[in-house]
1. Take residue 27 and residue 215, extend 7 Å from each Cα along the Cα→Cβ direction, and tell me the distance between the two endpoints in nm.
2. Per 10 Å bin from zero, what fraction in whole % of the C-alpha pairs of the chain is there, up to the bin with the longest pair?
3. Against the 2.2 N^0.38 Å scaling, with N counting residues, where does segment 68-217 land? I'd like the Cα-based Rg ratio to two decimal places.
4. If each DSSP helix of 4+ residues adds -39,500 (n - 2.57) and the sum is divided by the residues in the chain, what number results at 222 nm, nearest 500 deg cm²/dmol?
5. Keeping all protein chains in place and using 1.4 angstrom, which order do 86, 229, 64 fall into by accessible surface area, from largest down?
6. Using only C-alpha positions, report the orientation-averaged shadow area of the convex hull of segment 161-252, nm², one decimal.
7. Report the local net charge at residue 66: Lys and Arg +1, Asp and Glu -1, summed over other residues whose C-beta lies under 14 Å from its C-beta.
8. So what is the accessible area of the chain per residue, in Å², with the probe set to 1.4 Å?
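The values are calculated or read from the model by the stated rules, or taken from the named source; none is laboratory data. All figures in this text were calculated on a predicted structure; none of them were measured in a lab. Glycine gets a Cβ as well: all are built from the backbone with ideal geometry, and neighbour counts include every protein chain shown. With ligands, DNA and RNA removed, areas are computed over all heavy atoms of the protein, side chains included. Shrake-Rupley method; radii C 1.70, N 1.55, O 1.52, S 1.80 Å.
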Amino acid sequence: MFRNLIRRFKNRERRDWHVLLLSLLLAFFVWLIYTLSGEYSAFLEYELVARSEIPGHSDKSSTSATMIIRGKANGFYIIRRRIYKSVPMEIQVSPELWKKSETDDELYYLTEDALRELMPSIGLQNIELEYFVTSRLEFRFMEEEYKKVPVIPNVMATFRPQYMQTGDVRVEPDSVLVYGAAADLSRVNYVNTEAVYADNLNADEDGVTSLISPNGLRLSEKLVHYSISVSRYVEMKTQVQLSVANLPAGERALLLPSRVTVIYRVPFPYQNPDDLGFSAGIDYNDVSRMSGMEMPVRLFSAPEGVLSYRFEPATVDFIEHE
């Protein structure tokens, strides 16, 4: 019986030690979380690699730079920065923030003002900055061959009845820089957008689309903004007497027929119904470029606001005589 009592006491004592150790461990974690949740002033170090679209240069810096600041942050963040301070962070820098070295065409640097502007993109928006230890960061961007080419929009649009596109599809930017080897650049004269489908339009349309990058080449822009102008129209027609432009002195010409119908579209409602504002005919300079005497009718002038036009017939016979 006495032995059983001793055994029970020892078992109870062992359980109490376990509870005590667990309590101490829990208290330590509570203290650690509480302590690391506080704000502390510390030196923070960042290894940075820059990306930027500087004309004539690589889009990624070939060197990194170390930024050191003094700031206030919670303990968790400070410990994390101590662990990962040597891991490079990639930052996107607007070209206008750079200052160019006066002695090296490939060397660009950021001033303290630029670094302050970049702090949110580096992930420092929650850091209470006290001061910069490194007030200037230098990066090297290697020079690259490039070529400026226009952007050709690939837009397929349909319209509701009595609506039409006015003018060309506009893109912004309307040209981009293409980077790569000189041999590859010589084969590129323009860049297309991805296909854009717009159906049943009755109002202006705009949006953003991607550019198609030629194989092995890099574009200064990946996206462009496009806009399609749409107008409601009414179709009208009138007869126009034809004339011959640039006819040499002393020459005479006969056009058959001498009058054609011009069918034209104008915005609805039309504010300037002036049929007399049309003049059309043929250009004598076209004679040497055409085979035969059938010449295309050309528009010389039109009233303001005409969206589109066509002639019936579109060609006439040109007979030259003395």
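1. Inter-label distance under the simple model: 7.1 nm.
2. 5, 15, 14, 15, 14, 11, 9, 7, 5, 3, 2, 1, 1, 0, 0
3. Cα-based Rg divided by the globular estimate yields 1.55.
4. Details: 4 runs with 60 residues, N = 322.
After summing the helix terms and dividing by residue count, I get -6000 deg cm²/dmol.
5. Numbers: 86 90, 229 25, 64 55 Å².
Sorted descending by solvent-accessible area, the residues read 86, 64, 229.
6. Numbers: hull surface 46.2 nm².
Answer in nm², one decimal: 11.5.
7. On the way: positive: 81, 85, 136; negative: 45, 47, 138.
Result for the local shell: 0.
8. On the way: 20260 Å² over 322 residues.
Each residue of the chain exposes 63 Å² on average to a 1.4 Å probe.
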